[in-house]
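K.L.:
Quick one: structure below, then a few questions.
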Amino acid sequence: MKIKQNILAISGSTRSNSSNHRLINAFASLFSDSLIVNTFDGIDKLPHFNPDTKTENIASIVTDFRSQISKADGVIICTPEYAHGIPGSLKNAIDWTVGSGEFSGKPTALITASTDGTIGHQALLEVLRVIEAKNIEQLHLLIQFIRTKVSQEGEIIDKDTLSDVKALGQRFIETIAASIAEKG
Ligand SMILES: Cc1cc2nc3c(=O)[nH]c(=O)nc-3n(C[C@H](O)[C@H](O)[C@H](O)COP(=O)(O)O)c2cc1C
């Protein structure tokens, strides 16, 4: 039996009918033979990051978030751009991992799925570079006009987008396999 890779998906959108949520579901279906995708739903429930917080006072949802990243073989982030930047809840969630280093060396894929998304995508790429997400230069994709490309039923209905997402997923799976092999 084929051993599947465990992926943690994080959506930067907290909307109930989010196209990024639908994209994560589409990604999970496309790669269901190779990946088990669990979604972390709580980015809007994390407290505001404060570097003064003593270890013993860190909220359990934060330690749970960190541990879900640590345990995952890889992380995929799908996010819109808000006001030419990274959505605040997502940036706050990532800030909770900067000191503890869960993203360092972790195979991480980034999809910015937005109306335009150019500036937010570059900003988040830079954040993922500085926290040392593994192979991020090969594992990112910008999907513009997302609402015309993922149906309400959660299918990727644009041919080029589907092909880009498949290619990204393949590179992600290869990066994870190499990372698991490196660890022995
Ligand atoms: C507060 C807010 C700010 C936004 N700013 C931008 C923006 O700067 N650039 C952009 O491409 N889209 C922007 N959008 C539109 C989003 O790209 C669009 O709503 C997208 O579908 C959101 O993703 P979601 O469907 O997963 O929630 C903004 C939306 C909101 C709610």
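K.L.:
Only residues in the stretch 86-115 that are touching a residue at least 12 places away in the same chain (Cβ under 8 Å) count as the first member; pair them with residues that are acidic (Asp, Glu), Cβ under 6 angstrom, at least 6 apart or cross-chain, and list the lot.
P.N.:
Ser89/Asp44; Ser104/Glu132; Ser114/Glu81
K.L.:
Here's a follow-up. In the stretch 141-160, which residues are in a loop (DSSP other than H, G, I, E, B) and farther than 30 Å from Gly105 by Cα? Full working, then the answer.
P.N.:
Residues of the stretch 141-160 in a loop (DSSP other than H, G, I, E, B): 144-145, 149, 151-155, 157-158.
Passing the criteria: Phe145, Lys149, Ser151, Gln152, Glu153, Gly154, Glu155, Ile157, Asp158.
K.L.:
Test of understanding: among Asp33, Asp44, which residue is in contact (Cβ under 8 Å) with a residue 12 or more places away in the chain and within 16 Å of the ligand (Cβ to nearest atom)?
P.N.:
Being in contact (Cβ under 8 Å) with a residue 12 or more places away in the chain and within 16 Å of the ligand (Cβ to nearest atom) holds for just one of Asp33, Asp44, which is Asp44.
K.L.:
In the stretch 116-127, what count of residues is obtained for those that are within 14 Å of the chain's Cα centre (by Cα) and free of Cβ contacts under 8 Å to residues at least 12 places away in the same chain?
P.N.:
0
K.L.:
Which members of the stretch 115-140 meet the condition of being open to solvent by 10 Å² or more (accessible area, probe 1.4 Å), part of a loop (DSSP other than H, G, I, E, B) and not aliphatic (A, V, I, L, M)?
P.N.:
Thr115, Asp116, Glu132, Asn135
K.L.:
Answer with yes or no whether Ala28 is modelled with pLDDT of 95 or more, within 29 Å of Ile146 (Cα to Cα) and away from the ligand (no atom under 15 Å from the Cβ).
P.N.:
So Ala28 passes the test.
K.L.:
Every residue in the stretch 128-144 that is under 17 Å from Gly74 (Cα atoms) and in contact (Cβ under 8 Å) with a residue 24 or more places away in the chain, please.
P.N.:
Leu128, Ile131, Glu132, Ala133, Lys134, Asn135, Ile136, Gln138, Leu139, His140, Leu141
The values are calculated or read from the model by the stated rules, or taken from the named source; none is laboratory data. Just so it is clear, the structure is predicted and the values come from calculations on it, not from any experiment. We place every Cβ from the backbone using ideal geometry, glycine too, and count neighbours over all the protein chains shown. Note: accessible area is taken over every heavy atom of the protein model, side chains too, but ligands, DNA and RNA are not part of it. Shrake-Rupley method; radii C 1.70, N 1.55, O 1.52, S 1.80 Å.
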